[in-house]
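First the structure, in the form of structure tokens, and then the observations on it.
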Amino acid sequence: MQVNQNFLNLEDSYLFSTIARKVNEFQDAHQGEKVIRLGIGDVTLPLTKSVVSAMQEAVSEMSKSETFKGYGPEQGYDFLRNAIKDYYATKKVELAADEIFVSDGAKSDLGNILDIFGTTGTSLIPNPVYPTYLDTNTMAGRKINFLNGNEKNNFLPMPEDGDGGDLIYLCSPNNPTGATYTKEQLKIWVDYANNNGAVILFDSAYEFFVKDAELPTSIFEIDGAKTCAIEFCSFSKTAGFTGTRCGYTVVPQDLVRENIKLNKLWLRRQTTKFNGVPYIIQKGAAAVFTPEGQKEVETNIRYYLENAKIIRDAFKELGFWFVGGDNSPYIWIKCPDNLDSWTFFDKLLNEAHVVGTPGVGFGSGGEGYFRISAFGARENVIEAMDRIKKLYK
Ligand code: MLT
């Protein structure tokens with residue numbers, strides 16, 4: 001018997017588990033103190049009316065033998081795949097329903113996708129970035145090259161900022177920095193991938209926060225992307241599904257490597273290892289795409305973007321360097337007084353009772369930076385920023 005030794009190359013615990021443990025310890029030692037959590041990007045607004053009534057109807061269908069459903073199609077029910085397809089059409093992206101795979105969220109698919117790639121390749125991973133990419137590649141034993149994000153490139157690294165790779169991870173709007181690639185920048189990436197036979201794994205979980213009409217919300221808005229990219233999206237941040245779980249992955253039929261359609265491999269992988277998202281949840285997800293559902297999620301996104309503005313304004317007033325928060329729910333600040341990320345985390349927790357996420361948790365390139373999430377309740381965001389202002393004025 002052999003264990004997967006690659007696991008020994010991981011940090012002891014996943015970033016957000018470490019933060020949760022530290023905050024719980026602090027809270028236990030300071031009973032009665034109000035700690036404001038702007039760390040993990042977890043939504044606070046409840047599911048919208050349309051989503052809830054669609055799910056209630058689905059529950060009622062499940063209670064009658066005539067409408068009860070057992071196993072569903074592993075890749076998602078047609079009603080949801082078609083709703084997603086129609087949503088992409090509004091961005092002028094034509095997809096076939098069989099290019100869309102419904103899943104329980106972007107995080108699972110971003111990890112699972114490695115099943116369809118060989119283990120000897122090199123992954124090109126931004127630094128800093130969402131830690132799941134690095135951890136899942138480490139588990140799979142793939143070679144990793146980093147793509148350096150920094151103030152000079154506005155945390156939007158381009159091919160020249162790394163040493164290349166055959167699997168390229170891009171996240172836009174970015175987690176953790178909130179920075180968003182332009183169409184021109186993504187075109188450079190698409191050309192790079194097509195010219196080098198690489199595949200881009202594009203994480204667009206935060207696409208709904210893009211309000212600048214010039215900025216792309218899908219890699220497939222870029223010419224040539226269908227021959228080099230897979231896109232991962234989620235209802236978590238768009239529609240408050242962090243605890244409800246539903247997402248989707250788009251694998252174009254035109255994406256072929258070594259004469260093999262990656263769509264066919266992903267279908268084989270999903271039908272073997274995944275039994276689909278519950279019918280009730282998929283019904284709720286489909287309601288997001290109705291006109292009423294779109295209006296409701298837009299209202300919620302505007303609420304979080306207003307929080308982001310409150311956070312940005314506070315840091316502007318304090319004279320801190322930051323990016324993000326305009327087309328994204330994350331604000332990425334430079335720690336004051338040259339503090340390292342964890343020292344600043346401890347200072348905010350101990351002296352302002354505010355929790356954020358240390359930038360170094362997203363990779364060595366995040367050292368000296370700090371992420372604040374705009375997903376909190378309005379009154380908590382205001383109170384947190386007042387406390388930080390008091391601490392630094
Ligand atoms: C984050 O805080 O980075 C996200 O909530 C984590 C996730 O989406 O899994």
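The values are calculated or read from the model by the stated rules, or taken from the named source; none is laboratory data. This structure is a prediction, so every number in the text was calculated from the model and none was measured. All Cβ positions, even for glycine, are placed from backbone atoms using ideal geometry, and neighbour counts span all protein chains on display. Accessible surface is based on the protein model in full, side chains and every heavy atom, while ligands, DNA and RNA are left aside. Shrake-Rupley method; radii C 1.70, N 1.55, O 1.52, S 1.80 Å.
Which entries of K152/K334; K49/K237; K49/K85 show an alpha-carbon separation above 19 angstrom in the structure shown? Cα-Cα > 19 Å for K49/K85; rest within.
Work out, step by step, the length gained on full extension between K92 and E292: first 0.36 nm times the residue separation, then minus their alpha carbon distance; give nm to one decimal.
Here the answer is 69.9 nm.
Volume of the convex hull of the chain (Cα atoms only), normalised per residue: 161 Å³.
Pop the C-beta distance of N350 and N153 into the FRET formula with R0 = 35 Å and round what comes out to the nearest 0.05.
On the way: r = 33 Å, r/R0 = 0.96.
Plugging the Cβ-Cβ distance into 1/(1 + (r/R0)^6) gives 0.55.
If the chain linking T272 and N195 were pulled fully straight, counting 0.36 nm for each residue of separation and taking away their Cα-Cα distance, it would gain 24.5 nm. Comparing A83, A285, A225 in a Gaussian network model of the chain (Cα springs below 10 Å), the most mobile by mean-square fluctuation is A83.
Excluding same-chain neighbours fewer than eight residues apart, the aspartates and glutamates reachable from K389 by a Cα-Cα span under 14 Å are D313, E317, E351.
Just to confirm, what accessible area per residue do you get for the chain at 1.4 Å probe, in whole Å²?
Computed with neighbouring chains in place, this is 43 Å² per residue.
When the chymotrypsin sites (Phe, Trp or Tyr not before Pro) in the stretch 58-141 are filtered for DSSP coil states and for at most 12 other beta-carbon atoms within 10 Å of their beta-carbon, the remaining sites are F68, Y71. Take the Cα of D254, go 7 Å toward its beta carbon, and the backbone nitrogen atoms of the stretch 184-218 under 16 Å from that spot belong to 187-200, 218.
Between the stretch 332-393 and the stretch 43-94, the C-alpha centres lie 37 angstrom from each other.
Site pair D337 and S60 shows an inter-label distance of 6.0 nm when each label is modelled 7 Å from Cα along Cα→Cβ. Straight-line cross-link reach from K64 at under 22 Å between alpha-carbon atoms covers these lysines, not counting any fewer than eight positions away in the same chain: K283.
Sites listed here are GluC sites (Glu not before Pro) in the stretch 1-70 whose DSSP assignment is loop and whose Cβ has at most 10 other Cβ atoms within 10 Å: E33, E66. Accessible surface of the stretch 50-188, 1.4 Å probe: 51 percent of it comes from carbon and sulfur atoms. Inter-label distance, E160 to W321: 2.0 nm, where each label sits 7 Å from its Cα along the C-beta direction. Model label sites at R21 and N9, defined 7 Å from Cα along the beta-carbon direction, differ in position by 2.3 nm.
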